[in-house]
Amino acid sequence: MTVIAFVSSKGSPGVTTFACVLGAIWPPDRDVMVVECDPSGGDLASRFGLSTEVGMTSLVIARRHGEQPGDSVEPHLQRLPGGLAVLSGPVGGDAAAALDRELPALELRALGVDCDLLVDCGRLVSSAPGQHSVLGRADVVVLVTRPDASAVTHARWAIDRITALGHNDYRQIALLTVGEGPFDADELAGVLKVELLGSVPHDPASAAILRGEPGSARVFGRSSLVTRAQHLLGRLPLPNPDEVWRHAS
């Protein structure tokens with residue numbers, strides 16, 4: 001199992017969208033699940049018309065009432081169009097904050113699943129013990145940001161915060177930029193002193209499909225967003241989380 005957490009330092013640069021894109025194109029010989037741990041409220045249920053009664057909240061409640069880590073998480077899973085398995089988070093901010101307080105006691109590696117986890121942590125906030133626990137235990141944290149001037153200050157704060165949370169010797173921080181801006185992705189990674197995963201285009205049409213809006217699966221599969229994500233997938237440290245990061249070329 002490899003745990004990859006996605007988090008943004010500011011705004012909404014597409015954390016949920018990219019996690020779902022990666023999950024959809026994940027290597028077929030490796031099972032994968034998207035886990036929503038956004039303390040400000042999740043998007044998957046509203047985007048795809050999923051049940052709000054099933055997901056991370058139902059899993060936490062079941063564990064509180066005696067369900068064991070080895071028990072199947074299948075009753076709490078839902079599937080996106082195309083079959084991607086997700087543990088969706090609550091939509092509302094109050095419910096999401098309540099769930100966040102429960103997450104430190106829920107070790108994701110002890111879910112009883114034999115698959116890779118793509119964890120959508122949303123925007124990094126200063127007081128979210130569950131989000132911080134996930135980030136501190138992940139094998140890789142992908143910081144998603146736009147390559148503009150305001151991103152530098154926010155990203156530097158986020159990197160310092162994520163570094164302070166870590167207690168996994170092999171955990172790494174990688175930068176993913178979304179869209180175009182005054183900074184080149186390599187330049188931004190150099191300034192921030194982190195590894196560069198790469199960059200993806202701002203692709204509103206593809207993002208709309210991943211928000212649950214109608215669209216052609218064939219067109220989506222050939223989109224610039226998916227094509228670029230396929231290229232970046234090979235740069236993630238699989239199957240071994242202690243593998244040396246492969247720099248973007």
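Selection of first residues in the stretch 197-226 that are within 27 Å of Gln172 (Cβ to Cβ) and modelled with pLDDT under 75 and of second residues that are among the β-branched types (Val, Ile, Thr) and not in a strand (DSSP E or B), restricted to Cβ pairs under 6 Å at least 6 apart or on distinct chains, gives the following pairs, ordered by first then second residue: Ala207/Thr17; Leu210/Thr17. Only one entry in Ala189, Ala138, Ala174 is touching a strand residue (DSSP E or B) at 6+ places or on another chain (Cβ under 9 Å), more than 15 Å from Ile4 (Cα to Cα) and either crowded, with 22+ Cβ neighbours inside 10 Å or touching a residue at least 60 places away in the same chain (Cβ under 8 Å) (or both), namely Ala189.
Residue by residue through the stretch 117-163, note down the ones that are of a type in the set (A, V, I, L, M) and modelled with pLDDT under 90.
Answer for the stretch 117-163, where residues must be of a type in the set (A, V, I, L, M) and modelled with pLDDT under 90: Ala149, Ala151, Val152.
Criterion applied to Leu84, Leu124, Leu103 was being farther than 12 Å from Val60 by Cβ, touching a residue at least 60 places away in the same chain (Cβ under 8 Å) and touching a Gly at 6+ places or on another chain (Cβ under 7 Å), and the one residue passing it is Leu84.
Set side by side, the residues Arg246, Arg235 differ, and just one is assigned to a loop (DSSP other than H, G, I, E, B), within 17 Å of Ile4 (Cα to Cα), at pLDDT below 75 and of a type outside the set (Gly, Ala, Ser), which is Arg246.
Within the stretch 72-97, take every residue that is farther than 30 Å from Ala217 by Cα and surrounded by 15 or more Cβ atoms within 10 Å (Cβ to Cβ) and give me the one that is nearest to the chain's Cα centre (by Cα). Among residues in the stretch 72-97 that are farther than 30 Å from Ala217 by Cα and surrounded by 15 or more Cβ atoms within 10 Å (Cβ to Cβ), the one nearest to the chain's Cα centre (by Cα) is Ala96. Within the set Phe48, Phe6, the sole residue that is modelled with pLDDT under 90, among the aromatic types (Phe, Trp, Tyr) and touching a Leu at 6+ places or on another chain (Cβ under 9 Å) turns out to be Phe48.
Meeting the requirement of 2 or more residues that are touching an Asp or Glu at 6+ places or on another chain (Cβ under 8 Å), hydrophobic (A, V, I, L, M, F, W, C) and farther than 24 Å from Pro90 by Cβ, the strands (runs of 3 or more DSSP E) wholly within the stretch 112-188 are 172-178.
The values are calculated or read from the model by the stated rules, or taken from the named source; none is laboratory data. All values reported here derive from a predicted model rather than from experimental measurement. Heads up, the Cβs are rebuilt from the backbone with ideal geometry, glycines too, and the neighbour counts pull from every protein chain shown.
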